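**Q** The structure's right below; bear with me while I get my questions together.
No value in this document is a laboratory result; all are computed from the given coordinates. Keep in mind that this is a model prediction, so the values were computed, not measured. With ideal geometry, Cβ positions are generated from the backbone for all residues, glycine too; neighbour counts draw on all protein chains shown.
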Amino acid sequence: MWKANVARPKNTQIVDRMIDLAEQLFGERGIDAVPLQQISLRAGSRNRTAIQYHFGDADGLIREILQRRMPIIDRVRGRLLDTIGSGKEFSASALMHVLYVPMIDFLDKQGVRTHARFMLALLNSSRAYLSHDLFQNLQPNAFKAITLLVEATGIPEPLLLERQRLVAIMVLTSVFNRLPHLSSTEWDSALIENALAMATAAIGAPTDPDVITKLSVDPPETPGASTHQ
């Protein structure tokens, strides 16, 4: 596991606290269950509308979280791609590890998987499109892994992206929703490997050709997508 570098200029401390706190609260409570005013006040701002001042709205705040975290995590994916791609073909299993292990292993300064929990909440919310909008621009190595998965599985990209969305929810749920007797850290690696094995089977699972054809269409443009592509 590895931790984020949290050293930042002093003049951004309040903004940084709002971002870190929002990421934590969104993950713990859900994207739509946290008042923006509460984030501002708990971060130490005297301005109840500080979120709106700095980020515009909740979507802007979420985008800022993603813009800070995605590139850091994706650099680890790049190193993994370089390692597993030397002298052999990319397997679906290896590519699933590239996509998810760096996110799962990314820890906040307290050693907690705050970003992974935030991503699970985001993917389960009506604002999941925000992650999709920034996916290719901020995560070129993740996008490369998806392209390689298309080649490895033969699943058309639009359908594979939909499967990847559902698989991501399953993998991240396995990290945070565990039976009591499997909740200690000694089970962590085995449970993650099990989830990734299930994800590998699911991402390339055969299905009716008519279903593949019907779902292999590009999604319509999402709200506000054109402003941050």
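**Q** In a Gaussian network model over the chain where Cα atoms closer than 10 Å are linked, find which of ALA142, ALA199, ALA58 has the largest mean-square fluctuation.
**A** ALA58
**Q** Ordered by residue, what ³J(HN,Hα) values in Hz, to whole numbers, does the stretch 101-112 give under the Karplus form 6.51 cos²θ - 1.76 cosθ + 1.60, where θ = phi - 60° and Gly and Pro are x?
**A** Running phi through 6.51 cos²θ - 1.76 cosθ + 1.60 with θ = phi - 60° gives 4, x, 5, 5, 7, 6, 10, 7, 5, 8, x, 10 Hz.
**Q** In nm, give the distance between the simple-model label positions of ALA197 and ASN177, each being 7 Å from the Cα along the Cα-to-Cβ direction.
**A** Using points 7 Å along Cα→Cβ, the separation is 2.1 nm.
**Q** Step through the residues of the stretch 196-204 one at a time and calculate ³J(HN,Hα) from phi using the Karplus curve (6.51 cos²θ - 1.76 cosθ + 1.60, θ = phi - 60°), rounding each to whole Hz and writing x for Gly and Pro.
**A** So the Karplus estimates, Gly and Pro as x, are 5, 5, 4, 5, 4, 5, 6, 5, x Hz.
**Q** If you don't mind, another one. Along the stretch 55-64, what does the Karplus equation 6.51 cos²θ - 1.76 cosθ + 1.60 (θ = phi - 60°) give for ³J(HN,Hα), rounded to whole Hz, x for Gly and Pro?
**A** These are the phi-based 3J(HN,Hα) values: 10, x, 6, 4, 4, x, 5, 5, 4, 5 Hz.
**Q** Sticking with this one: To make sure I understand, if each residue's beta carbon is the centre and we count other beta carbons within 10 Å, what order do SER40, SER93 fall in, fewest to most?
**A** Details: SER40 24, SER93 17.
If I rank by nearby Cβ atoms, fewest first, I get SER93, SER40.
**Q** Testing the spin-label approximation: label points 7 Å from Cα along Cα→Cβ at ASP218 and ARG46. State their distance in nm.
**A** Calculated label separation equals 5.1 nm.
**Q** Looking only at THR12, THR114, THR173, which one moves most when the chain is put into a Gaussian network model with springs between Cα atoms under 10 Å?
**A** Among THR12, THR114, THR173, the largest mean-square fluctuation in the Gaussian network model of the chain belongs to THR12.
**Q** Give me the net charge of VAL34's neighbourhood, meaning all other residues with Cβ under 11 Å from the Cβ of VAL34; Lys, Arg count +1, Asp, Glu -1.
**A** Numbers: positive: ARG29, ARG42; negative: GLU23, GLU28, ASP32.
Here the charged neighbours net out to -1.
**Q** What is the ratio of the Cα radius of gyration of the chain to 2.2 N^0.38 Å, where N is its residue count, to two decimals? Each step should come with its number before you reach the end.
**A** Values: Rg = 18.4 Å, N = 229, 2.2 N^0.38 = 17.3 Å.
Normalised Rg, Cα atoms only: 1.06.
**Q** Would you mind telling me which residue in SER91, SER184, SER126 has the biggest mean-square fluctuation in a Gaussian network model of the chain, where springs connect alpha carbons within a distance under 10 angstrom?
**A** Result for the chain, Cα springs under 10 Å: SER184 fluctuates most.
**Q** In which sequence would ILE14, ILE203 go, from the one with the fewest C-beta neighbours within 10 Å to the one with the most? Before the final figure, lay out each step's value.
**A** Working: ILE14 16, ILE203 22.
In order of increasing Cβ crowding within 10 Å: ILE14, ILE203.
**Q** To continue, here is another question. Can you put ASP57, ASP74, ASP108 in order of Cβ neighbours within 10 angstrom, beginning with the fewest?
**A** On the way: ASP57 11, ASP74 20, ASP108 17.
Exposure proxy ranking, most exposed first: ASP57, ASP108, ASP74.
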